[in-house]
Structures are given as structure tokens and as C-alpha cells.
1. Would you mind stating whether residue 89 is over 21 Å from the mean Cα position of the chain (by Cα) and more than 8 Å from the ligand (Cβ to nearest atom)?
2. If you scan the stretch 23-79, which residues turn out to be of a type in the set (S, T, N, Q), in contact (Cβ under 8 Å) with a residue 24 or more places away in the chain and within 16 Å of the ligand (Cβ to nearest atom)?
3. Does the stretch 162-171 contain at least one residue that is surrounded by fewer than 22 Cβ atoms within 10 Å (Cβ to Cβ), hydroxyl-bearing (Ser, Thr, Tyr), free of Cβ contacts under 8 Å to residues at least 60 places away in the same chain and within 17 Å of residue 9 (Cα to Cα)?
4. Going by the structure shown, is residue 198 touching a Lys or Arg at 6+ places or on another chain (Cβ under 8 Å), outside any strand (DSSP E or B) and not basic (Lys, Arg)?
Amino acid sequence: MSADSSISTWHPVAPSAELRAGANIVAGFAEGRELALWRSADGTAQAWENRCPHRSVRFTLGQVVENRLVCAYHGWQYAAGNGQCTHIPAHPDMPPPRNVCAKMFSAVEAAGMVWVYLAAAEPPPPPRDDAVPQDWSFCRTLTVRANAADVRDALAARDFTANTPSPALLGALDRIDTAALVLDARPRLAFIHLWTPAARGTDKMKALHTAARGLRGEIEARQSTV
Ligand code: FES
């Protein structure tokens with residue numbers, strides 16, 4: 001997949017459940033971009049570049065206050081939906097310049113994930129809720145110190161196949177049916193989001209956790225030999 005084609009797709013960055021409305025900020029990655037994910041008080045998922053426009057401090061150090069994200073350094077506040085700076089504490093009576101805006105990316109939620117689109121062009125149709133089998137349970141997100149292409153190759157070697165038009169790969173790990181979404185986080189770092197028909201807490205789910213760790217070990221071991 002070329003850099004251009006990969007940047008113009010929806011990236012499965014984080015499970016939706018990690019974002020609490022009007023509460024926390026989650027660090028995310030996609031294609032080498034560092035993201036600040038958060039959910040405004042009205043429940044809308046936000047995906048922003050993880051840099052304050054003022055002095056580039058990471059937004060993930062800040063806090064969410066209702067529908068605003070507040071930078072940790074000088075307390076500048078930015079509005080959900082358009083990223084516009086709405087308040088500068090050092091100049092409380094001065095309207096913030098209109099050109100001071102956080103960089104935002106398109107974000108949608110489907111199949112229990114927050115998906116982010118990085119390109120400036122009009123996004124393609126967003127993923128659907130059946131991007132992974134709808135009655136399957138989310139197992140875990142696995143962090144792998146390898147390129148996403150190497151992760152996809154490792155899954156293909158285990159006979160995982162595409163579930164077009166969904167980006168999910170379907171197969172089995174240690175004979176446990178598995179759906180995998182692979183995120184290209186940055187060079188030599190990929191995330192694998194995993195689902196299975198088994199319910200949480202069951203032996204099969206625990207076995208998938210073990211199998212996933214084994215998969216990661218194999219992929220990372222191969223990295224150290226190339
Ligand atoms: S660096 Fe964010 S407000 Fe100054």
C-alpha cells in the first residue's frame with residue numbers, strides 16, 4: 001500500500017469505550033501523526049493533532065472541560081467541532097484571534113472504534129458497524145514494535161483473509177476465530193485490535209489473549225533478525 005493510498009483511508013485508532021464524554025484525553029497515532037482523542041460533553045468524538053497551536057505543548061497533557069479542550073501550559077481553550085481558540089486566560093477581555101485553531105481530523109465511530117481520516121481531501125464513506133462481525137466481543141488492542149505491513153504479512157501467513165469492503169482481516173489464532181484491524185501507528189509501531197465470538201472472561205477469550213501475545217513475540221523476534 002502506498003503512502004498516499006494509506007493516508008486516504010479511515011484508520012481504526014482507539015476503542016470508543018476509552019473516550020468518556022467531557023472527561024479524558026487519549027493519545028493516539030496514525031501514519032506517524034500524534035493525535036489527541038477526546039469526546040466533548042455532547043458525546044462527539046474529536047481527533048486533533050496533539051499539539052497546541054500556541055507553543056506546541058501536547059494536548060494530551062491538558063484537560064477537557066465540557067465542550068472545550070484546555071491546554072496545560074497557558075490555559076488556552078479550544079472548542080470542539082471547529083478547534084477555534086475561545087479563551088486566552090492572560091487576556092480574558094480580548095477575543096482570541098480567529099486564525100488560532102487546533103488542527104482537526106475527521107473522526108467517526110463504527111464497530112466500537114474511533115476511526116480517523118488524516119487527508120485534507122473529502123473522506124471516503126466511513127466504516128460501518130459491521131466492519132467486524134457485530135455479535136463478536138472486543139478482546140484487546142495489541143501493541144507491536146513492527147511495521148503494519150509486517151503485521152499484515154504475519155496474519156496472512158496464518159491464513160487471515162480480507163473481509164472486503166471492511167479493512168478487518170478474518171482468521172484464527174490458535175484455532176480461535178479472530179477478527180483483526182491493523183493500525184499503522186508510525187514506523188516500527190503497529191496496533192492490532194482483536195475480536196472473537198467468545199464472551200469476555202471465558203477460557204476462549206483468555207486463550208486469545210495468550211495467542212495474541214505469542215503472535216506479537218513472533219513478529220518482534222523476526223524484526224530483530226532483519
Ligand atoms: S502552549 Fe498551549 S496555551 Fe500555550
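The values are calculated or read from the model by the stated rules, or taken from the named source; none is laboratory data. This one's a predicted model, so the numbers in the text were calculated from it and none came from an experiment. Here the Cβ positions follow ideal geometry from the backbone for every residue, glycine too, while neighbour counts run over all protein chains shown.
1. Yes: the conditions hold for residue 89.
2. If the condition is that a residue be of a type in the set (S, T, N, Q), in contact (Cβ under 8 Å) with a residue 24 or more places away in the chain and within 16 Å of the ligand (Cβ to nearest atom), then 60, 63 are the ones that fit.
3. Yes.
4. yes
Conditions (1) in the same structural domain as residue 194 (by TED's automatic domain parsing); (2) in contact with a helix residue (DSSP H, G or I) (Cβ under 7 Å, 6 or more places away or on another chain); (3) closer than 24 Å to residue 10 by Cα; (4) crowded, with 16+ Cβ neighbours inside 10 Å, marked per residue:
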{"position": "72", "(1), (2), (3), (4)": "no, yes, no, no"}
{"position": "81", "(1), (2), (3), (4)": "no, no, yes, no"}
{"position": "92", "(1), (2), (3), (4)": "no, no, no, no"}
{"position": "95", "(1), (2), (3), (4)": "no, no, no, no"}
{"position": "103", "(1), (2), (3), (4)": "no, no, yes, no"}
{"position": "106", "(1), (2), (3), (4)": "no, no, yes, no"}
